[in-house]
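Each reported figure results from applying straightforward, stated rules to the coordinates on display, with no laboratory input. Quick caveat, the model's predicted, so the values are computed rather than measured. Positions of Cβ are generated from backbone atoms using ideal geometry, with glycine treated the same way; all protein chains shown enter the neighbour counts.
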DNA sequence: GAGGAATTCGAGAAATATATATAAATCAGA
DNA sequence: TCTGATTTATATATATTTCTCGAATTCCTC
């Protein structure tokens, strides 16, 4: 299951994408509307900023704005950034590959084969869904 | 990513399935061959026993044995038992459904729609792969 | 049938890591 | 000078992983 951080990140970004034009959205607006703990949200948005998903503006009229068009920000990218690899085991992760400690032969490992299929399926869905793929309604997850 | 517990569970069960006939396999044999921490493995196997996946026999010549044919024990069942729901968010879990705290309208939630697709894909793979689907080689994950 | 050896069972403890959340102090822009 | 992001620190809770110790159970041998 995803951690709270990832879910908050998704909700915050969707909110920004919807509110979004040129004017940045202040944290208080996001936290207020989506009912997210404000200070916790700050940390998450900072991570997203460092990851190049959003950009921030200080001072009056400041806040957060998508760093790219919503259509170019995928669910997969967001989850990888906040949560970590989509893969269920390190040896099938593309973004954070790591050989298993006691693996005898990766190419013949049954577990790996299954997990690789799962990863590829998951990735193809999440990487092909962007913040632009949203309906009018409000969200929560 | 799966926790260590789940990976150990999978490896242990595959080992049992392979060694397996009528005679139970002692923990020490599993821990030794698969290089798993023995006492930690005990706890995991106990969970699997309570979940009805394996059965245990005490005393000399004791150990663990699959409670059902390997073909009737799926990866999905094992992971759900040890790790928890396959779903990435509670509101799309079949085994442990829970409505999201601040959800406005589940049927129109974009996040939910995507996560549901991912869950269904993942579940169909993991639930249709059993301990019987293994090659001759030894495994590690 | 009594004793010893192998083995699971169960309760804790403990060290470590991660997740979640809050608070205070600081910095930069309008 | 005000607003809001940034940074740093702290608190709390929960999960993970591993280890220790002491049982209870069953088989085997004498």
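Descriptive notes on the structure:
- Among A:61, A:81, A:115, the largest mean-square fluctuation in a Gaussian network model of chain A, built with springs joining Cα atoms closer than 10 Å, belongs to A:61.
- Position residue A:43, label points 7 Å along Cα→Cβ, spacing to each other copy in nm (shortest first, one decimal): 2.5
- Distance-filtered residues of region A:9-48 - backbone nitrogen under 14 Å, label point 7 angstrom along residue A:61 Cα→Cβ: A:22-26
- Under a Gaussian network description of chain B, with springs only between Cα atoms under 10 Å, the residue in B:88, B:36, B:13 that fluctuates furthest is B:88.
- Position residue A:96: other-copy label points at 2.0 nm, ordered by increasing distance, label point 7 Å along Cα→C-beta.
- Computed E for residue A:28/residue B:107 - FRET, C-beta separation, R0 30 angstrom, nearest 0.05: 0.50
- Residue among B:57, B:40, B:104 with the largest mean-square fluctuation in a Gaussian network model of chain B, springs linking Cα atoms under 10 Å: B:104
- Inter-copy label distances at residue B:32 (7 Å, Cα→Cβ; nm, one decimal): 6.8
- Innermost chain A residue relative to the axis carrying A onto B, by Cβ distance in angstrom: A:121, 2
- Chain A shape via C-alpha gyration tensor axes, a/c threshold 1.5: prolate
- Against the compact-protein benchmark of 2.2 N^0.38 Å, the Cα-based radius of gyration of the protein assembly as shown scales to 1.17.
- Equivalent-ellipsoid semi-axes for region A:41-105 (Cα gyration tensor, √(5λ), whole Å, largest first): 33, 12, 7.
- Degrees separating the helix A:38-50 axis from the principal Cα axis of chain A, which is the longest one: 60
- Residue list for region B:14-36, given a label point 7 angstrom along the Cα-to-Cβ vector of residue B:49 and an amide N cut-off under 17 Å: B:16-17, B:23-31
- Pair residue A:97, residue B:68: separation of 7 Å Cα→Cβ label points (nm): 3.6
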